[in-house]
Amino acid sequence: MSLEVNGHNIIFMAFCSFLVSLILVPICKKVAVHVNALDVPNERKVHKKPMPRLGGLAIYLSFLICYMFFGSITSQMLSIVIASFVIIIFGFIDDINPLKARYKLIGQLIAACIIVFYGDIVLKDAYLGEYYINFGGIAPYLTLFFIVACINAINLIDGLDGLASGISTIYFATIGVIAILTNRLGGLDITLSILMFGSTLGFLFYNFPPAKIFMGDTGSQFLGFIIAIISLLGFKNVTFNSLVVPIAILAIPIFDTLFAILRRFFKGESIGTPDKEHFHHQLLKMKFSTRITVLIIYIIDIAFATTSVLITLGDNKIATYIYVILTILLLFIVLKTDILFEHRKSKTSKTKKS
């Protein structure tokens, strides 16, 4: 079995991006302190002291530098480079001086439009199990929505040390494993995944709890963006022969984003209103430490990722069983915590009245 992409060994590619990231993170940490890109603690934050938050810049630069050595320039890749630069610029500004949600959305839409209308990376069709779906005229708009949704899903899950970076690392690793098992290592999506795996793992070395640096919006938005691109590229190939596969890999961010939207809707709040009721916050309320909470989510995410591998290999029966069990587990957590409804507070208020 060949382990080469564009004539380069994937282990060497991943190691190089890991090493470059490992070197760049401390530099970006100093830059963050210099430009005052600090995450200051408040009632919604878990950390207790100001933390530099330009770690995402190191991930991006590591990826970009290594791609110049291992990748090739195509119109699609050019659109990815231009669009990712837009994401980085908006993220960088936000990490220094927080932007309003609508300005972040503008940046995300600009980047997504570059991908769709210049790079022609569009979700035109897909397989849902055995069923073929052609999206026709709504394909460009569906793709725009998909990109923006992925960006915000990773952005929302970035609430604990090592959480977003760990989940993203698992995602990139899963794509690499699937590519190796299906003997398909020649695609752009695989090159991106291998380089991003090394870059994100290098950052995770500094970000795993207790973190020395945060990725900030620069990192979370870039990771969400590149995950969306890899998924879109993969839809056209055998690696992603079903819509279920990327959904399974990103189960935790998708569930958390969906519950956040519903929770804020039920409260009559804006979707962009920040709170402290995300999935990881619920685990913290169960008296788990930050590190144990992150590890629990890693394990759940790896289990979901395993279903993706099984689906790709054609073992849909076992994958379905695992997926159903994990979904029931997550729904159980929903019913037992405040992630969707504030039943704990309501019980407290009833006790006081009586």
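The values are calculated or read from the model by the stated rules, or taken from the named source; none is laboratory data. Please read these numbers as outputs of a predicted model, since none were measured by experiment. We place every Cβ from the backbone using ideal geometry, glycine too, and count neighbours over all the protein chains shown. Surface areas here come from the heavy atoms of the whole protein model, side chains and all, with no ligands, DNA or RNA. Shrake-Rupley method; radii C 1.70, N 1.55, O 1.52, S 1.80 Å.
Per residue, the chain exposes 46 Å² of solvent-accessible protein surface, assessed with a 1.4 angstrom probe and all protein chains in place. Note on Glu269 and Lys212: with the Förster distance fixed at 30 Å, the Cβ-Cβ geometry gives a FRET efficiency of about 0.35. With Cα atoms defining each centre, region 11-36 and region 203-236 are spaced 14 Å apart in the structure.
Taking a Cβ cut-off of under 14 Å around Met215, the surrounding Lys, Arg, Asp and Glu residues balance to a net charge of -3, with basic ones at +1 and acidic ones at -1.
Considering the chain, its Cα convex hull presents a mean projected area of 18.3 nm². In terms of the mean number of neighbouring beta-carbon atoms within 10 Å, the peptides 253-261, 25-33, 226-234 order highest first as 226-234, 253-261, 25-33. Gain on full extension, evaluated as 0.36 nm per residue between Lys100 and Asn134 minus their Cα-Cα distance, stands at 8.6 nm.
Summing Cβ point charges (Lys, Arg +1; Asp, Glu -1) relative to the Cα centre of region 259-330 gives a dipole of roughly 260 debye. Kirkwood's formula applied to the C-alpha pairs of region 183-306 gives a hydrodynamic radius of 16.5 angstrom. Phi angles across region 142-157 convert, under the Karplus curve 6.51 cos²θ - 1.76 cosθ + 1.60 with θ = phi - 60°, into 3J(HN,Hα) values of 5, 5, 4, 4, 4, 4, 5, 5, 5, 4, 6, 5, 6, 4, 6, 6 Hz, Gly and Pro given as x.
Calculated mean residue ellipticity, 222 nm, the chain: -22500 deg cm²/dmol, from DSSP H runs (n ≥ 4) at -39500 (n - 2.57) each, averaged per residue and rounded to 500. Residues whose amide H comes within less than 5 Å of that of Val5, counting only those at least five positions distant or on another chain, are Ile10 (H built at 1.01 Å from N in the peptide plane). Within the accessible area of region 29-149, the carbon and sulfur atoms contribute 68%, probe 1.4 Å, all protein chains present.
The amide H of Gly159, built 1.01 Å from its N in the peptide plane, has Ala164 as neighbours under 5 Å, considering only residues 5 or more places off or on other chains. Within region 36-192, all pairs of alpha-carbon atoms sorted by distance into 5 Å bins from zero give the percentages 2, 7, 12, 18, 21, 17, 11, 6, 4, 1, 0.
Gain on full extension, evaluated as 0.36 nm per residue between Ile299 and Tyr321 minus their Cα-Cα distance, stands at 6.2 nm. With a Förster radius of 41 Å applied to the C-beta separation of Lys30 and Tyr118, the computed FRET efficiency comes to 0.70. Once the C-beta distance of Phe69 and Asp125 is scaled by a Förster radius of 41 Å, the resulting FRET efficiency is 0.75 to the nearest 0.05.
Our coupling estimate for region 282-296, obtained by passing each phi through the Karplus curve with A = 6.51, B = -1.76, C = 1.60 and θ = phi - 60°, is 5, 5, 5, 5, 7, 6, 7, 6, 4, 5, 5, 4, 4, 5, 4 Hz, Gly and Pro reported as x. Remark on Asp39: its backbone amide H falls under 5 Å from those of Met51, Arg53, a criterion applied only to residues 5 or more positions apart or on other chains, H modelled at 1.01 Å from N.
Computed 3J(HN,Hα) for region 224-231, one whole-Hz value per residue from the Karplus formula 6.51 cos²θ - 1.76 cosθ + 1.60 where θ = phi - 60°, is x, 5, 6, 5, 4, 5, 4, 5, glycine and proline marked x.
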